[in-house]
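Quick notes on the structure that follows.
The values are calculated or read from the model by the stated rules, or taken from the named source; none is laboratory data. Fair warning: this is a prediction, and the values are worked out from it, not measured in the lab. Cβ coordinates were reconstructed from backbone atoms using ideal geometry, including for glycine residues, and neighbour counts include every protein chain displayed. Just so you know, the surface numbers come from the protein's heavy atoms only, side chains and all, with ligands and any DNA or RNA stripped out. Shrake-Rupley method; radii C 1.70, N 1.55, O 1.52, S 1.80 Å.
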Amino acid sequence: MPHSFTSAPLMVLNGPNLNLLGKRQPEVYGTDTLADVEALCARTAEKLGGRTDARQSNHEGQLVDWVHEAREHHCGIVINPAAYSHTSVALLDALQACEGLPVVEVHLSNIHQRERFRHHSYVSLRADAVIAGCGLQGYGFAVERVAALLG
């Protein structure tokens, strides 16, 4: 049984290279930093009576381990799997083991306007919602959507 939005933190996961936000390809990803992403998620959750637990890793296995942790101790997951969106069956399998836990996938850029290989996301097969192309604002939408899914 999932936790409520107010009783357990929302896991916010960011995948590879997102630690370089604001420095790496700002023409694609903008100038906001990972700290800005985490602050927006925390502010949005707080307005809705919740809190976040934000983490970033460049390592697929670490992200999988955190999804397993979220399954037991968090109310939902907001995830930007970055490049693992297009390659990670392991991340998909971990998310599919989170029955009843809301999962919202978010991408800063519109992945459908980019290279063809970015048009497919394994994570989308499990996500309850996908937000792409809204920049930093998309993370706020993602937090709001998890709260709405939890009622």
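With a cut-off of at most 14 other beta carbons within 10 Å, and DSSP calling the residue loop, which trypsin sites (Lys or Arg not before Pro) in segment 1-60 qualify? Please list them. Write out the running numbers ahead of the final one.
Working: sites: LYS23, ARG24, ARG43, LYS47, ARG51, ARG55; in loops: LYS23, ARG24, ARG51.
Listed in order of number, the matching sites are LYS23, ARG24.
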For ALA132, other-chain or 5+-apart residues with amide H closer than 5 Å (H placed, Pro excluded) are HIS107
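Hey, what's segment 1-95 come to in accessible area per residue, 1.4 Å probe, Å²? Can you show the working numbers first?
Details: 4400 Å² over 95 residues.
Using a 1.4 Å probe on heavy atoms only, each residue of segment 1-95 averages 46 Å².
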Calc'd 3J(HN,Hα), segment 9-14, phi into Karplus 6.51 cos²θ - 1.76 cosθ + 1.60 (θ = phi - 60°), Hz, glycine/Pro = x, comes to x, 8, 7, 10, 10, 10
Inter-part gap, Cα centre of segment 1-51 to Cα centre of segment 72-151, in whole angstrom, is 12 Å
In whole Hz, the Karplus estimates of ³J(HN,Hα) for segment 134-148 (6.51, -1.76, 1.60; θ = phi - 60°; x where Gly or Pro) are 9, x, 4, 4, x, 5, x, 4, 5, 4, 4, 5, 4, 4, 5
Computed ³J(HN,Hα) along segment 32-43: with the Karplus parameters 6.51/-1.76/1.60, θ = phi - 60°, integer Hz and x for glycine or proline, the list is 5, 9, 4, 4, 5, 4, 5, 5, 4, 4, 5, 5
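Can you tell me, using C-alpha contacts under 8 Å and at least 6 residues apart, the relative contact order of the chain as a whole percent?
Numbers: 293 pairs, mean separation 42.7, N = 151.
Computed over the chain, the figure is 28 percent.
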The answer for GluC sites (Glu not before Pro) in segment 78-148 that fall in a DSSP coil and have at most 15 neighbouring Cβ atoms within 10 Å is GLU99, GLU115
In a Gaussian network model of the chain with springs linking alpha carbons closer than 10 Å, the residue among GLN96, GLN56, GLN25 that fluctuates most is GLN25
Sorted largest first, the Cα spans of segment 1-58 on the principal axes come out in Å as 39, 23, 14
Residues whose built amide H sits under 5 Å from the amide H of ASP53, excluding neighbours closer than 5 in sequence, are LEU10, MET11, VAL12
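With all protein chains present, how much of the accessible area of segment 28-151 (probe radius 1.4 Å) comes from carbon and sulfur, to the nearest whole percent?
For segment 28-151, the apolar C and S fraction of the accessible surface comes to 48 percent.
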Per residue convex hull volume, Cα only, the chain, in Å³ is 88 Å³
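Which GluC sites (Glu not before Pro) in segment 20-67 sit in a loop by DSSP (not H, G, I, E or B) and have at most 13 other Cβ atoms within 10 Å of their own Cβ? Before the final figure, lay out each step's value.
Details: sites: GLU27, GLU38, GLU46, GLU60; in loops: none.
Nothing satisfies the criteria.
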